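*Asks:* Sharing a structure, written as structure tokens. Questions coming.
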Amino acid sequence: MLDQQQSSIAGKVNLFLALDIDEFDKIKVILPSLEANIQGIKVGLEFLYMHGWQKLIEIRQNYQLFIDVKLHDIPNTVAKAVRALVRNCHPNIITVHAAGGGAMLKSAVLEAQEEAYRLSIPAPDLIAVTVLTSLEKNDLNDIGWPNSSLAQVLQLAKLAFNSGVNGVVCSGQEVGLLRAVLGPKIRLIVPGIRPTGDAAFDQKRITTPTQAILDGATDLVVGRPIINASNPPRAAQLIQQQITDAVCRRV
């Protein structure tokens, strides 16, 4: 398992490839070609339900492993789920929903630390999901959240931060505010990354790699702009170059 690459605002920015791919053989083909330009892989419910734990272990190799399952349940259930993930997969990152509340978040953090200690491995970072990047104000109103997406993200991020999580998932539109409010040490992971000119697909609150990094992101998540590109290695290389340039500008 790789050492955690916790980044301050001035440090390294990780590029995670979102493996939302149905065909496992395609994943095995594409990953080696991207190894030089990605630092980690992100798998979610789609991958885990389609391929299972053993397939995940087969491909993780030297990548940081980001398990994006957005756990949200009563504290005891979430704690047991975190324990199982740490035991079976040795991930670097696990996501939990901030909307699950402080008790749930604290239970998840504690269980991750205790299970990692029992196994003598580094504890994963627990990262809180605030508001999905597919949601905007009208969607929030539909589910009974009267706040704007920015206000809702800030409220949930503060709750998560005060509950001991290591970081927050947020859109590029919120990363600057969260960095200013929560300080330099918290990990800010930004999905919905689209290089200039790329389609948004089902994401609504998107941003470019450069802007996300200048605003304070520590990790970027990119899927379809790489996977669906005519030349995935070249697409990953171009994004990695934008990351490198932006980090130099930020420092």
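The values are calculated or read from the model by the stated rules, or taken from the named source; none is laboratory data. No experiment lies behind these values; they were computed from the predicted model shown. All Cβ positions, even for glycine, are placed from backbone atoms using ideal geometry, and neighbour counts span all protein chains on display.
*Asks:* Which members of region 32-58 meet the condition of being surrounded by fewer than 19 Cβ atoms within 10 Å (Cβ to Cβ), among the hydrophobic types (A, V, I, L, M, F, W, C) and free of Cβ contacts under 8 Å to residues at least 40 places away in the same chain?
*Replies:* Step one: list which residues in region 32-58 are surrounded by fewer than 19 Cβ atoms within 10 Å (Cβ to Cβ), which gives 32-33, 35-36, 44-46, 48-50, 52-55, 57-58.
The next check asks that each one be among the hydrophobic types (A, V, I, L, M, F, W, C); those that pass are 36, 45, 48, 50, 53, 57.
Across region 32-58, the qualifying residues are L45, L48, M50, W53, I57.
*Asks:* How many residues does region 228-246 hold that are in contact with a helix residue (DSSP H, G or I) (Cβ under 7 Å, 6 or more places away or on another chain), under 20 Å from E35 (Cβ atoms) and either free of Cβ contacts under 8 Å to residues at least 60 places away in the same chain or of a type in the set (A, V, I, L, M) (or both)?
*Replies:* Number satisfying all stated conditions: 6.
*Asks:* Quick check on my filter: what residues within region 140-156 are assigned to a loop (DSSP other than H, G, I, E, B) and surrounded by fewer than 12 Cβ atoms within 10 Å (Cβ to Cβ)? I'd like the intermediate steps shown before the answer.
*Replies:* Looking only at region 140-156, we keep the residues that are assigned to a loop (DSSP other than H, G, I, E, B), and these are 143-148.
Listed by number, the residues that qualify are I143, G144, P146.
*Asks:* Can you name the number of the only condition in (1) under 20 Å from the mean Cα position of the chain (by Cα); (2) modelled with pLDDT under 95; (3) more than 27 Å from L56 (Cα to Cα) that F161 fails?
*Replies:* (2)
*Asks:* Only one residue in L65, L31 is closer than 24 Å to R187 by Cβ and in contact with a Gly (Cβ under 8 Å, 6 or more places away or on another chain). Which one?
*Replies:* Numbers: L31 fails: in contact with a Gly (Cβ under 8 Å, 6 or more places away or on another chain).
Going through L65, L31 in turn, just one is closer than 24 Å to R187 by Cβ and in contact with a Gly (Cβ under 8 Å, 6 or more places away or on another chain): L65.
*Asks:* May I pose another question? Out of all the residues in region 59-92, which are surrounded by fewer than 19 Cβ atoms within 10 Å (Cβ to Cβ) and over 25 Å from E23 (Cα atoms)?
*Replies:* H72, D73, I74, P75, N76, T77, K80, A81, R83, A84, R87
*Asks:* While we're on this one: Has region 104-115 got at least one residue that is surrounded by fewer than 21 Cβ atoms within 10 Å (Cβ to Cβ), under 30 Å from P195 (Cβ atoms) and without any contact (Cβ under 8 Å) to a residue 40 or more places away in the chain?
*Replies:* no
*Asks:* How many of the residues in region 62-108 are among the polar types (S, T, N, Q), under 24 Å from L132 (Cβ atoms) and part of a helix (DSSP H, G or I)? Step through it out loud before you land on a result.
*Replies:* We begin by selecting, within region 62-108, every residue among the polar types (S, T, N, Q); these are 62, 64, 76-77, 88, 92, 95, 107.
Within this subset, residues satisfying the condition of being under 24 Å from L132 (Cβ atoms) are 64, 77, 92, 95, 107.
Next cut, part of a helix (DSSP H, G or I) only: 77, 107.
Residues that pass the stated criteria total 2.
*Asks:* I need the full set of residues from region 10-61 which are assigned to a loop (DSSP other than H, G, I, E, B), of a type in the set (A, V, I, L, M, F, W, C) and modelled with pLDDT of 90 or more, in order please. Walk me through it before giving the result.
*Replies:* Let us first name the residues in region 10-61 that are assigned to a loop (DSSP other than H, G, I, E, B), namely 10-13, 19-23, 35-39, 61.
Now restrict to residues that are of a type in the set (A, V, I, L, M, F, W, C): 10, 13, 19, 21, 36, 38.
V13, L19, A36, I38, listed by residue number.
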